[in-house]
1. Determine the dipole magnitude for the protein assembly as shown: charges of +1 sit on the beta-carbon of Lys and Arg, -1 on that of Asp and Glu, nothing else is charged, the reference point is the Cα centre, and the result goes in debye to the nearest 20.
2. Scan segment B:1-57 for chymotrypsin sites (Phe, Trp or Tyr not before Pro) in coil per DSSP, keeping those whose Cβ has at most 14 other Cβ atoms within 10 Å, and list them by number.
3. Quick one: B:VAL109, A:VAL245, fewest Cβ neighbours within 10 Å first, how do they rank?
4. Between A:ASP74 and A:PHE46, what length comes free when the chain is fully extended (0.36 nm per residue of separation minus the Cα-Cα distance, one decimal in nm)?
5. Regarding segment A:1-151, what is the average projected area of its C-alpha convex hull, in nm²?
6. Just tell me which aspartates and glutamates come within less than 15 Å, Cα to Cα, of A:LYS38; anything on the same chain fewer than 8 places away is out.
7. Considering only DSSP states other than H, G, I, E and B, which trypsin sites (Lys or Arg not before Pro) in segment A:1-102 qualify as loop sites with at most 15 other Cβ atoms within 10 Å?
8. Which whole-number percent gives the relative contact order of segment A:157-214, counting Cα pairs below 8 Å spaced six or more residues apart?
Amino acid sequence: MKKNTLSTIILVSLFFLWFSLPPFSVRIPPMNKSTTIKPKTIRVPFLKKEINVSLPIRLGLDLQGGSRLVFLLDTANINKENIPDAVSAARDIIERRINFFGVNEPQLSLLKGGNVYKIAVELPGVKDPTKTAKTIGQTAQLGFSTYKEEVVKQGTQSATIPTFLPTKLTGAYLKKASLVFDQKSGSPQVGIQFNKEGARLFAEITKNNKKKPLAIFLDNQLLTAPVVQDEIKDGNAVISGSFKVEEAKTLVNQLNAGALPVPVRLLEQKTIEPTLGKENVQKSLIAGVVGLLSVVVFMLVLYGKNGILATISLFLYALYSVFIFQISGIVMTLSGVAGFLLSIGMAVDSNILIYERIKEEKIRTKDVALATKLGFNNALKAIKQANTNTLLIAGVLFNPFNLSFLPISGSVRGFSLTLAIGVVLSLLTGVFVVKNILWHVYKIDKE
Amino acid sequence: MIHFLKHTSITLTLSGLLMVLGLISVFTYGFNYSIDFVGGATAEFTAVAKNEQQIRNYVKKNYPSATIQKSGDNLFIKEKNITKEDAQKIANRFNGVRLGAFEIISPSVSAENITKTVTAFAVVALCILLYVAYSFSGFRYALAAVIAMFHDTVLLLGAWSLLGRFFGAQFDILFVTALLIIMSFSVHDTIIIFDKLKEEEKSGRYSGLEEKINAALTLTIVRSANTSITTILVLASLVILGGSATRWFSISLLIGMFLGTYSSPFIAAPMYYFLTRFFKKRA
């Protein structure tokens, strides 16, 4: 049993080590042929899919740079006194859209030059900024119009001219949009739910326009014009334009984030260097490595044999974290790295606690195995309590339920996420792995 | 056994004085807020290829809080206190460099987000209070831990106000992160010590509360010292060897870690002692 756990840990660690390496090949002399040890992708036979096994860690604007998009706000059709409100509303909506699209840690700033308002959006490491620019820059104004045929008579000839009359109902009355699929054809649709006032308007419109088409416009373009069958009182509707899944998803996100109060136009698009500066990032990286190495030396001097164990657990801690950051795609900013550093500190602390307790027990008993076991178990309670507390703090700061009075985005959330991951991993490597190795070395039986 | 509580009056007086000093500084000098909080301007310098390093050096020297970003052949400067005239002067100093767009930039951190973050601090304090009270089944432990955390936070804020006033340390988003780290670390450290104290109370080796606390502190002092040394090793190398952009952040963490380590035996433990005596007298 105990041997199995230890071998599993070793195997998993080796896999993580392999996964974290960049792609490389080795020339083995007798074969004289280049052997790929780490490929870029792996083909899974039965799924017929290429899986990327060389994922880079995604870094934030401050560490890696990204792209900078500048949007011009067209405030021409807005009353002067309403401009500041419209501009800040536009900023909030763009920020919400970016968050919906899953780009983490963007930076938005409002620029003002004379009477011209612009919004600069900086996105970390976005590969295709043109597409992002399009989705965040669309006005997404939803409109509903009733259909009317006007009969125009000219002499003896008469013609019917179809016209659309815009109603009061717009996207502003939306409570929620969602992606739904047609039950028969399976094609993607956008389900919308109006708020109270919107539902009332919608009921009125559908009541007065039975058996007539109701046109739905997005940014003044006709999406679809279904025929109203009956009055709809519950304020739910489905837009079934000929969407692709991707398009429907984008529209849902845009509608949920709200329509932009003013049209925006992309002015410029540039790639930018890290805000902290390349040099700075490199220097700090070296400094961090020097710091960690001195910790290793310190632990070796202080705890001898157990110091080696502490070093191993720290190394595994770093390895596991890299793996998690690679596969999760979490964007690491300096705040995130700080959360990570703090959890390294706590991982070292767990180790120190354990070895100090073991030392304490060794004074009482000569039996090293017994002292190890007792010391470890005594330290465990304090470690558990202290780390639960830290997880609790990370939980509040991450705000998983999106409580409106707590921060829901930005660096605080990034920090809390890396902190929580770090704490869990430090418990895994600093306590669970160390326990298994100690139990193996001192041949302690597991009950 | 080291007699920790003997020096309580000195440490508590010292901490109290420093807290008052820090608060005075916060209320009179305030903070040196970064561009994220107060806004500023961005200036774009075009065709900098030849003079890039000189421009960087010049800007760094005259506007220490500015961020400089390169994009293609242009340099973006973001700075709180820069006027269009200033930016034009910079461009004029270097041959061939022109001032491109110059724009006023509004704060990137909205007032709403500041309120939310402050609320988050309060919620965190409340959660810690409840959790420590629950896991140690004693409200006095919880109160003492939160008082120590409050002490660390106030002292760090005070130190930051003074450093901002005299050395240009900025109150930026990274400093908010540092505050969060220090809050977590402070309580982490206190819990470890209280765990030992709880054990002493259970074991009944000593009868007096003072001896129990002293015994617990003596037994955990080596661990506290070792943990501090390891964090100080990492942070000191970041302060000395790390890039200038992260130096102040590392300094804030260094101060905070020191406070967190100091406050557990010298604030949290005596507070527990006084709270216990206070409630016993009233009972």
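Computed from the coordinates by the stated procedures, all read-outs in this text should not be read as laboratory data. Everything numeric here is computed off the predicted structure, so don't read it as measured data. Note: ideal-geometry Cβ built from the backbone for every residue, glycine included; neighbour counts use all protein chains shown.
1. 1320 debye
2. Of the chymotrypsin sites (Phe, Trp or Tyr not before Pro), the ones in loops of segment B:1-57 whose Cβ has at most 14 other Cβ atoms within 10 Å are B:TYR29.
3. Fewest to most other Cβ atoms nearby, the residues stand as A:VAL245, B:VAL109.
4. Residue separation times 0.36 nm, minus the Cα-Cα distance, leaves 4.8 nm.
5. 21.3 nm²
6. A:GLU50
7. Passing sites in segment A:1-102 are A:LYS40, A:LYS48.
8. 28 percent
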